[in-house]
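Notes follow once the structure below has been shown.
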Amino acid sequence: MKQGNVFDVLKERGYIEQCTHEEEIRELLGKENVTFYIGFDPTADSLHIGHYIQIMVMSIMQQYGHRPIALLGGGTTMIGDPSDRTGMRSIMTQETIARNANNFKKVFEKFLDFSDDKAIMTNNAEWLLPLNYLEFMRDVGINFSVNKMLAAECYKNRMEQGLTFFEFGYMLMQSYDFYVLNQKYSCKMQCGGNDQWSNIIGGIELTRKKTGEQVYGMTFSLLTNSEGKKMGKTEKGALWLDREKTSPYEFYQYWRNIDDADVEKCLALLTFLPMEEVRRLGALEGAEINKSKEVLAYEVTKLIHSEEDAIKAQEAARALFGGGADSENMPTTEMTAAELGEGMTVIDLMMKAGLIKSKSEGRRLIEQSGVTVNDNVVDDVNATIAEKDFEEGKLIVKKGKKVYHRVNLV
């Protein structure tokens, strides 16, 4: 177990955004082993990079002797958190939610030690699904002011588009989670992304009203770039932690290609490197900063996937940046001869490979000399690819300066 106050560590690395009682929380984390929780609603079949910040926090806090509860939202996902959304989320089946939750568990187990009750994984479906509506509203709903709820940030952005009563109940459900975890596991703190502030406050107030006990809340920075925009968006959508949705190579390349201004922040938030090394790498300039990006990409890929994946991705990236494009580790699309037929336009091929979102984007790239096939610049928007263009059944498409994709003819 590491020595020192984990609050200072989290503060120095840039995680902490808001605290309900900053001095009391720091004192509490310094003098006793605290049980805390972070909730994860399994709305997709994989966690994405936005969740990774919360996982890192749980891991760091456990290293300093505190006990994390990874709460899977099997119950709350039936509603869906209206925070940071402009429309109602589609309602999911219990079977889909359970399958998604199982995928989340695999990631948590890479970062947390669940032996001897050092960490807990539980699911709020256990206590939310059996609830009786009238009893719940009488015991829990009576503690909430509608006026205060409507003023909360998590509901404000939905008021114009329309907020259903179904979604309005989310805050009550999440608040009830905190109360239940406090009773079952002596949980004293809820943590989460900064968009969860209103929900966390609701849980603190409910627990205090029902038990008289003071509990605490702490939120963490959302992963944003130097311009304040959310990071983790790729050509194909979110940057997923599941290798089937975002390959280790694509994952590595995302971090290898981030802006210079974001390197130090990402090293601090997404790796376990000592802060002295983070600051040293973040201070590099010019071409030297690329070494820092390599370290970042390697470390994050190693943590999420494996050291072997990180090494393969790094070797592939170095080959490509060095001008070679013969690596076996780059993203690949397989195509049958029947699919190719007598020929396919380069634009259609790029669409199939997920390299572009629209044909107009493909035309624009070609017109700007931004597409090459097997190292030959494509200068005709109507250019086609035939079986003869594949070298030993392989074809390399390059988009811009850094995005490579291999197409295998099978």
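The values are calculated or read from the model by the stated rules, or taken from the named source; none is laboratory data. Since the model is a prediction, treat every value here as computed from it, not as a measurement. Here the Cβ is made from the backbone with ideal geometry for all residues, glycine too, and neighbour counts use every protein chain on show.
The figures follow:
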item: Count of residues meeting criterion [without any contact (Cβ under 8 Å) to a residue 24 or more places away in the chain and part of a helix (DSSP H, G or I)] in region 13-60; result: 5
item: Which numbered condition SER59 misses (of (1) at pLDDT below 95; (2) surrounded by fewer than 21 Cβ atoms within 10 Å (Cβ to Cβ); (3) of a type in the set (S, T, N, Q)); result: (1)
item: All positions within region 199-245 that are at positive phi and either in the same structural domain as VAL140 (by TED's automatic domain parsing) or touching a helix residue (DSSP H, G or I) at 6+ places or on another chain (Cβ under 6 Å) (or both); result: GLY212, GLY232
item: In region 314-338, residue farthest from ARG406 (Cα to Cα) [restricted to those that are modelled with pLDDT under 65 and not in a helix (DSSP H, G or I)]; result: GLY322
item: Region 249-275, residues that are of a type in the set (Phe, Trp, Tyr) and either at pLDDT below 90 or assigned to a helix (DSSP H, G or I) (or both); result: TYR249, PHE251, TYR252, TYR254, TRP255
item: Near pairs, Cβ below 7 angstrom, 6+ apart or cross-chain, from region 121-132 (assigned by TED's automatic domain parsing to the domain that holds CYS187 and within 15 Å of PHE104 (Cα to Cα)) to any residue that is of a type outside the set (D, E, K, R) and in a helix (DSSP H, G or I); result: MET121/PHE108; ASN123/ALA101; ASN124/THR76
item: Set GLU153, GLU167: member being modelled with pLDDT under 80, in the same structural domain as GLY202 (by TED's automatic domain parsing), within 16 Å of GLY203 (Cα to Cα) and over 21 Å from the mean Cα position of the chain (by Cα); result: GLU153
item: Tabulated pairs, region 292-308, first assigned by TED's automatic domain parsing to the domain that holds GLU264, second of a type in the set (S, T, N, Q) and outside any helix (DSSP H, G or I), C-beta under 7 angstrom, 6+ apart or interchain; result: LEU296/THR271; GLU299/THR271; VAL300/THR271
item: Counted residues, region 194-215 - those being buried (at least 20 other Cβ atoms within 10 Å of the Cβ) and either of a type in the set (A, V, I, L, M) or touching a Leu at 6+ places or on another chain (Cβ under 7 Å) (or both); result: 4
item: Residues located in region 372-407, provided they are outside any loop (DSSP other than H, G, I, E, B) and either loosely packed, with under 13 Cβ neighbours inside 10 Å or over 30 Å from the mean Cα position of the chain (by Cα) (or both); result: THR372, VAL373, ASN376, VAL377, THR384, ILE385, GLU387, LYS388, ASP389, GLU391, LYS394, LEU395
item: Output for region 197-248, where each listed residue is assigned to a loop (DSSP other than H, G, I, E, B) and either under 15 Å from ILE53 (Cβ atoms) or among the hydrophobic types (A, V, I, L, M, F, W, C) (or both); result: VAL215, SER221, LEU222, LEU223, ASN225, MET231, GLY232, LEU239, LEU241
item: Complete set of residues in region 62-79 that are over 13 Å from ASN124 (Cα atoms) and surrounded by fewer than 24 Cβ atoms within 10 Å (Cβ to Cβ); result: GLN62, GLN63, TYR64, GLY65, HIS66, ARG67
item: Sole residue being part of a loop (DSSP other than H, G, I, E, B), at pLDDT 85 or above and assigned by TED's automatic domain parsing to the domain that holds LEU395, chosen from GLY354, GLY362; result: GLY354
